[in-house]
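Notes to accompany the following structure.
The values are calculated or read from the model by the stated rules, or taken from the named source; none is laboratory data. None of these values were measured; they are calculated from a predicted model. Cβ atoms come from the backbone with ideal geometry, glycine included; neighbour counts cover every protein chain shown.
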Amino acid sequence: MDNKQQLANALSKTVGIEAEELVTWIETPPDPKMGDYAFPCFRLAKTMRKAPPQIAQEICASISLPDFIGRAEVAGPYLNFFANKDTLAKQVVSKVLNEGEAYGSSTEGNGKTVCVEYSSINIAKPFHIGHLSSTVLGAALYRIYKHLGYETVGINHLGDWGTQFGKMIVAFLRWGNGDKEKCGSVRELVKLYVRFHDEAEKDESLNDEARAWFKKIEDNDPEAMDLFLWFKEITLRDVKKVYDMLGVEFDSYAGESFYQDKMQPIVDELREKNLLKLDDGASIVDLSEYDMAPCIILRSDGATLYATRDLAAANYRKATYDFYKSLYVVAYQQNLHFKQVFKVLELMGRDWVKDCVHVNFGMVSMEDGTLSTRKGKVLYLEDVLDASIEKTLEIIKEKSPDLEDKENAARDVGVGAVVWGALYNGRIKDIVFSWKKALNFDGETGPYAQYTHARCCSVLRKADGFDKENIDYSLINDDASAALIKAIGALPDIIKEAANKNEPYLISRGVIDICSCFNKFYFDNRIMDDDAQTRNARLALTEASRIAIKTGLYLIGLKAPEKM
């Protein structure tokens, strides 16, 4: 059981509130001199009809402290708890050594399924830097929920439907001359797409031609379907390279086209329940009562929209996976869209809509500006990763000229630096990607965390083993060791909080805390001490640090190199 949970259980017996609620009240004091854990008593004042300082005094006098807590002290409205360093060291280090890379995992999700929709690229369009956040956020949440015992389903909801495919066919036949070999990459298809829009500004009839070709796709015309499926094949082949670089996988590629035969029942049900209204020829669900714009279900020409497909997808996922949670990792520009879709599901009587969550996030851009596929201004994610690897290799050659496998290390660190850049701050924040910041080996960055892991590995290689069955934990109770143990011990709670808030950055911050504490421990203590018992205890703590760092890095999608 995690430390905060044990403390919450003890507090629950004293104040009569459920431990599950109290655990969220427990704080970490900003200064270790104030204690290892703090319990604010403000919220109890109303129900207990007493001043918070008095409540803190009464709890202090009556609480039965868990074994790992040495003492409790009142500080105004706070009750501060100080850990017994020896007990805490034994509890944390032995747990990490026994559990290995399963450290921080749990069984809380057993029997529950979490669907995570992420990345959701568009067919025949570039996989660019703007897709970074959705891809790495979703992949991190996928791993985090799985670590907590949930059955997770990763869904790449492909953008593989719409009139843009008619445009692509027109462009391919007119300016690609129908040459599949010459146009057999996403980059070539994007050039054609850009040209279509340039030409359509001069000749409006091209848009009519494009609509006619898309109608052929809808009607399952052999020639149109052959090209449509070819566009899809090329795109998935090209993006797989990037997914492989990022270590990202999916369980389902069911995109918009998958739901074409699943939308009519949704439309029929909306009509039966008198939820559909005609507005200028379009079929809408009026949401003005809820201070929202109408949710358009069918355009005036009878065509479906994103909302129609998302309603069908939500119903399909519930029927197929019976999810406990269904997450949509999509940028904040779609806030209104998901509010509308969820409200329509609620009006249709889907009580499970409460389990659907829009995990929104800010935009990623490079220091030189934004993106527009139509205008051809786009920065491919693959190019960003390749450039990061190249820049990292230059740094490694300079800093570690004797490293044997520089290329592999550069790949792990270069890709990790890009992922870390998207996952080190709260997801709603817009990110301007900076090479100088991302590839800094000394700051709160991915390379710094990976280098610290490599440092742990180096120490352990030189030691050539330690006796994990006979550790004298009293020999790692100095301030630097105690701070490191506390940081490692916090990781399981951080992982749970990251899942509860759908915020992987909390794990990034937790990993940095462990790394900074380890490096202080490393410089303050001689790990390879002459005294065998001291050396053994410090090596045990080094191994616990290595495991915790590697686990945290894995959860957010970074490799943990053993040499750098």
Only one of 341, 384, 330 that is under 27 Å from residue 191 (Cα atoms) and at pLDDT 95 or above = 330
note = Within region 71-112, of all residues that are aromatic (Phe, Trp, Tyr) and touching a Pro at 6+ places or on another chain (Cβ under 8 Å), the one farthest from residue 489 (Cα to Cα) is 78
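Conditions (1) in contact (Cβ under 8 Å) with a residue 40 or more places away in the chain; (2) of a type in the set (Asp, Glu); (3) surrounded by fewer than 15 Cβ atoms within 10 Å (Cβ to Cβ), marked per residue:
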{"site": "160", "(1), (2), (3)": "yes, yes, no"}
{"site": "172", "(1), (2), (3)": "yes, no, no"}
{"site": "182", "(1), (2), (3)": "no, no, yes"}
{"site": "186", "(1), (2), (3)": "yes, no, no"}
{"site": "204", "(1), (2), (3)": "no, yes, yes"}
{"site": "248", "(1), (2), (3)": "yes, no, no"}
inquiry  = So residue 49 ticks every box in (1) surrounded by fewer than 21 Cβ atoms within 10 Å (Cβ to Cβ); (2) over 24 Å from residue 28 (Cβ atoms); (3) not assigned by TED's automatic domain parsing to the domain that holds residue 27 but one. Which box is left unticked?
reply    = (3)
Every residue from region 514-564 that is aromatic (Phe, Trp, Tyr) and under 15 Å from residue 462 (Cα atoms) = 522
ask   = Which residue out of 485, 428 is in contact (Cβ under 8 Å) with a residue 60 or more places away in the chain, crowded, with 16+ Cβ neighbours inside 10 Å and not basic (Lys, Arg)?
value = 485
Residue ID - nearest to residue 121 (Cα to Cα), chosen from residues in region 183-231 that are in a helix (DSSP H, G or I) and of a type in the set (Asp, Glu) = 188
task = Assess whether residue 439 counts as being under 22 Å from residue 394 (Cβ atoms) and assigned by TED's automatic domain parsing to the domain that holds residue 508.
result = yes
inquiry  = What's the number of the only condition in (1) closer than 29 Å to residue 149 by Cα; (2) part of a helix (DSSP H, G or I); (3) not acidic (Asp, Glu) that residue 455 fails to meet?
reply    = (1)
ask   = Can you tell me which residues in region 67-92 are under 21 Å from residue 478 (Cβ atoms), in contact with a Phe, Trp or Tyr (Cβ under 7 Å, 6 or more places away or on another chain) and either modelled with pLDDT of 95 or more or not acidic (Asp, Glu) (or both)?
value = 69, 70, 71, 81, 83, 84, 87, 88, 89, 90, 91
task = Hey, can you tell me all the residues within region 420-448 that are under 19 Å from residue 246 (Cα atoms) and part of a helix (DSSP H, G or I)?
result = 420, 421, 422, 423, 435, 438, 446, 447, 448
query = For region 256-314, what are the residues that are in contact with an Asp or Glu (Cβ under 7 Å, 6 or more places away or on another chain), under 21 Å from residue 121 (Cβ atoms) and among the charged types (D, E, K, R)?
reply = 256, 309
inquiry  = Go through (1) more than 25 Å from residue 427 (Cβ to Cβ); (2) of a type in the set (Ser, Thr, Tyr); (3) modelled with pLDDT under 95 for residue 306 and report which single condition fails.
reply    = (1)
inquiry  = Here are the criteria: (1) in contact with a Leu (Cβ under 8 Å, 6 or more places away or on another chain); (2) assigned to a helix (DSSP H, G or I); (3) surrounded by fewer than 24 Cβ atoms within 10 Å (Cβ to Cβ); (4) not aliphatic (A, V, I, L, M). Tell me which single one residue 510 does not satisfy.
reply    = (3)
ask   = Given (1) in contact with a Lys or Arg (Cβ under 9 Å, 6 or more places away or on another chain); (2) over 28 Å from residue 272 (Cα atoms); (3) surrounded by 19 or more Cβ atoms within 10 Å (Cβ to Cβ), where does residue 362 come up short, assuming only one miss?
value = (3)
